[in-house]
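The values are calculated or read from the model by the stated rules, or taken from the named source; none is laboratory data. Remember, it's a predicted structure, so these values are computed and weren't measured experimentally. All Cβ positions, glycine included, derive from the backbone under ideal geometry; neighbour counts span all protein chains shown.
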Amino acid sequence: MPRSRPRSPLALVLALGAPVAAPLALAGPANAVPQTTQTTQTTQTTQTTRTTQATRTGEYTVTALKFTVRAGGRNCVVDADLYRPAGVDAAHTAPAVLATNGFGGSKSDGSTDAIGKAVAARGYVGLVYSGLGFGKSGCLVSLDDPRIDGAAASRLIDYLAGTRAADDGTKADFVTKDGKGDPRVGMIGGSYGGAIQLATAAVDHRVDALVPMITWNDLAYSLDPNNASDRSVPGAFKWQWTNGFYLIGEGQPLLAPSLDPSRVNKLTCLHFVDDACETIRTLNSGRYPAAKTGPMLAYARSVSPVSYLKQVKAPTLLVQGQSDSLFNLNEAQASYNTLRAQGTTAKMIWQSWGHSGGLTDPATGELNIAQGNLETSYVGKRILAWFDRYLQHKKGVDTGPAFAYYRDWITDPNRTYATAGSVPTLSRKLYLSGDGKLVDNRKKVARGSREYRNWLIPTSHSESSLAGLIGLPDPAPHDTAGTYLGWTSEPLTTATDVVGAPKATLKVVSPRTERVQNSGDAADKLVLFAKLYDIAPDGTKTLVHRLVAPVRVPDVTRSFTVSLPGIVHRYEKGHRLQFVIAASDDAYGGNKGVKPVTVTSAPDDTGVLELPVVGE
């Protein structure tokens, strides 16, 4: 029986409308400009005669440019804006910053435009452009493919190098160079505008500094996550997020009328490359035979940093959001670990906001580029220091610690970030007892078995994935009795800070699954959802940032390991920690057919939950 979904893609697009696209870049009010900046905007190519005094007060010109580039076997017109600080010319050059929009946005949306303003006001040449398939840029949406989107961005770097002209014939001779044809250039942006930085740096080593924010490491994990250690099969389809973005892409005529003909794919989808179309169709089918899932996973990973990070040499400051069920903290940590292991300079910050919350209204003191608070926010200061060190070549600049994370339980905005030399490791073990308790010693584990079973419709709710982006209310997380199992600790005797990705080792019994799990269709394997609740003394339950860990169990006859999404959370004294495995979640695809599950515990053979607790 096909997996059930509570809402159709058509209903979702009606709920979405067009406004969801713009916030997917960097956060901030759409029309805000840096408050300490005076701006002079013009579409003329003539350089202002203002002196360096004008540069210090933040004046700049904005020039609309177009570039025809070859990418993915097509000629693509790229629509861009050049932000040039006053006083910057061939005799007084400046480093450049390249940026593009989040998915569904353009160079002109408030978030992306704010980047150009912010960097120009601080003396950098800004080149902000609409990504392929968005705004007034041509060609199909190709998911930040380094072979297509990365190649197009590289041609814009040629312009900054002065080795190619814009379509109007103008060239740039005012960008600082480290050698012939090698401009000093950094990149910054969020989400879709984050992955493009890594894709560009993989194909063009002239990039000198990267600041990718709230972006992905592996789209196969992002869109169809399997948090089991074996990721050779798909996980649970993240249908709300995926279909939302798919419909934004297919709805481009509504968002950008009079599309360039190169943006229409008449063979499959309207506006995506063929492989992206086949991926969405396979995911929506709910069936995953090897002949389909192998190519799907291979394609999703080919357009993801997981496949090409080995080519990235530019110093990279990764900024990821704690409130983000689309691209969770594990994605940034995976990229961070890879970059560090290969010797690429990398540091990482876990800020508060992401796709699931705070993106358009960050907490007090948090980064909001559109409000111009780079100098007054922790993340903003770190970004400025990164560019000072790697674009201005100020070798004495301190770029900060290897790892920093936002703490929402600290009220002083000047103390919300804690720092460390590395991400905390797993340090505390808890055991799943047969009586439903979560205990701190194997000897306390009671023998026993408990069962849950799924229904043919979802019975657990973690989130309405797009509610935070479009300002809709979202019911509190909940689970239906009989369709989940929970293990609850005693009240904590001290406040406990968990920073990082918890891990669980589990063994489940499911005879119905065992009979069909080797059918050759991954959809016949068991799906479950692991998660952690915080239970207050009054019984109020909080699912931290509404995050869950979908799992397609590799083999129900063997134990398996689950990596839960990374969190930064304080469990206060007197609160209890609850570990839950649920049969379903309405934001994801689920089980095919009813599959009862039993979990058995004994002191020498039971599930284990491991937590990265700070201070232990």
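What the table below lists for this structure:
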read-out: Total residues in region 65-93, condition surrounded by 15 or more Cβ atoms within 10 Å (Cβ to Cβ), small (Gly, Ala, Ser) and farther than 20 Å from Arg184 by Cβ; value: 2
read-out: Matching entry among Pro261, Pro305, Pro257 (being over 23 Å from Asp585 (Cβ atoms) and either assigned by TED's automatic domain parsing to the domain that holds Phe529 or modelled with pLDDT of 90 or more (or both)); value: Pro305
read-out: Search result, residues across region 435-462 that are in contact with a His (Cβ under 9 Å, 6 or more places away or on another chain) and of a type outside the set (S, T, N, Q); value: His461
read-out: Subset of region 463-504 [touching a residue at least 12 places away in the same chain (Cβ under 8 Å), among the hydrophobic types (A, V, I, L, M, F, W, C) and outside any loop (DSSP other than H, G, I, E, B)]; value: Leu469, Ile470, Leu485, Trp487, Val498, Val499, Ala504
read-out: Filtered residue count, region 237-256, keeping only those that are under 16 Å from Ile470 (Cβ atoms) and not in a helix (DSSP H, G or I); value: 1
read-out: Extreme residue, nearest to Gly235 (Cα to Cα), among residues of region 578-615 that are under 27 Å from the mean Cα position of the chain (by Cα) and of a type in the set (D, E, K, R); value: Asp585
read-out: Residue list for region 394-413, filter: surrounded by 13 or more Cβ atoms within 10 Å (Cβ to Cβ), in contact with an Asp or Glu (Cβ under 9 Å, 6 or more places away or on another chain) and not in a strand (DSSP E or B); value: Val397, Thr399, Arg407, Pro413
read-out: From the options Thr459, Thr483, Thr493, residue that is among the polar types (S, T, N, Q) and more than 27 Å from Lys507 (Cα to Cα); value: Thr493
read-out: Among (1) of a type in the set (A, V, I, L, M); (2) within 26 Å of Ala236 (Cβ to Cβ); (3) surrounded by fewer than 20 Cβ atoms within 10 Å (Cβ to Cβ) - the single one Ala341 does not satisfy; value: (2)
read-out: Which numbered condition Asn368 fails, given (1) surrounded by 17 or more Cβ atoms within 10 Å (Cβ to Cβ); (2) modelled with pLDDT of 95 or more; value: (2)
read-out: Residue in region 257-271 that is part of a strand (DSSP E or B) and farther than 30 Å from Leu564 by Cβ present; value: no
read-out: Selected residue (criterion: surrounded by the fewest Cβ atoms within 10 Å (Cβ to Cβ)) from residues of region 228-275 that are in contact with a helix residue (DSSP H, G or I) (Cβ under 6 Å, 6 or more places away or on another chain) and under 22 Å from Asp521 (Cα atoms); value: Asp275
read-out: Of residues in region 460-515 being surrounded by fewer than 17 Cβ atoms within 10 Å (Cβ to Cβ) and hydrophobic (A, V, I, L, M, F, W, C), the one farthest from the chain's Cα centre (by Cα); value: Val509
read-out: Filter result for the condition that a residue is outside the structural domain of His355 (by TED's automatic domain parsing) and more than 19 Å from Val306 (Cα to Cα), over Leu223, Leu247; value: Leu247
read-out: Flag if Leu384 is at pLDDT 95 or above and under 24 Å from Ser465 (Cα atoms); value: no
read-out: Criterion: assigned by TED's automatic domain parsing to the domain that holds Leu472, over 22 Å from Ala121 (Cβ atoms) and of a type in the set (D, E, K, R) - qualifying residue of Lys347, Lys429, Lys395; value: Lys429
read-out: Selection status of Thr416, among the β-branched types (Val, Ile, Thr), out of contact with any helix residue (DSSP H, G or I) (no Cβ under 6 Å at 6 or more places or on another chain) and surrounded by fewer than 17 Cβ atoms within 10 Å (Cβ to Cβ); value: no
read-out: Only listed residue being part of a loop (DSSP other than H, G, I, E, B), under 15 Å from Ile535 (Cβ atoms) and either not assigned by TED's automatic domain parsing to the domain that holds Ala404 or not acidic (Asp, Glu) (or both), chosen from Gly574, Gly615, Gly593, Gly589; value: Gly574
read-out: Hey, Lys531 touching a residue at least 24 places away in the same chain (Cβ under 8 Å), in a strand (DSSP E or B), within 25 Å of Trp239 (Cα to Cα) and of a type in the set (Lys, Arg) or not; value: yes
read-out: Residue that is farthest from Ala202 (Cα to Cα), among those in region 311-345 that are among the hydrophobic types (A, V, I, L, M, F, W, C) and part of a helix (DSSP H, G or I); value: Leu329
read-out: Yes/no for Ala523 being in a helix (DSSP H, G or I), surrounded by 15 or more Cβ atoms within 10 Å (Cβ to Cβ) and under 30 Å from the mean Cα position of the chain (by Cα); value: yes
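Here is a yes/no grid of residues against (1) of a type in the set (A, V, I, L, M, F, W, C); (2) over 29 Å from Thr338 (Cα atoms); (3) touching a Lys or Arg at 6+ places or on another chain (Cβ under 7 Å):
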{"residue": "Tyr159", "(1), (2), (3)": "no, yes, no"}
{"residue": "Ala166", "(1), (2), (3)": "yes, yes, yes"}
{"residue": "Gly169", "(1), (2), (3)": "no, yes, no"}
{"residue": "Gly194", "(1), (2), (3)": "no, no, no"}
{"residue": "Leu198", "(1), (2), (3)": "yes, no, no"}
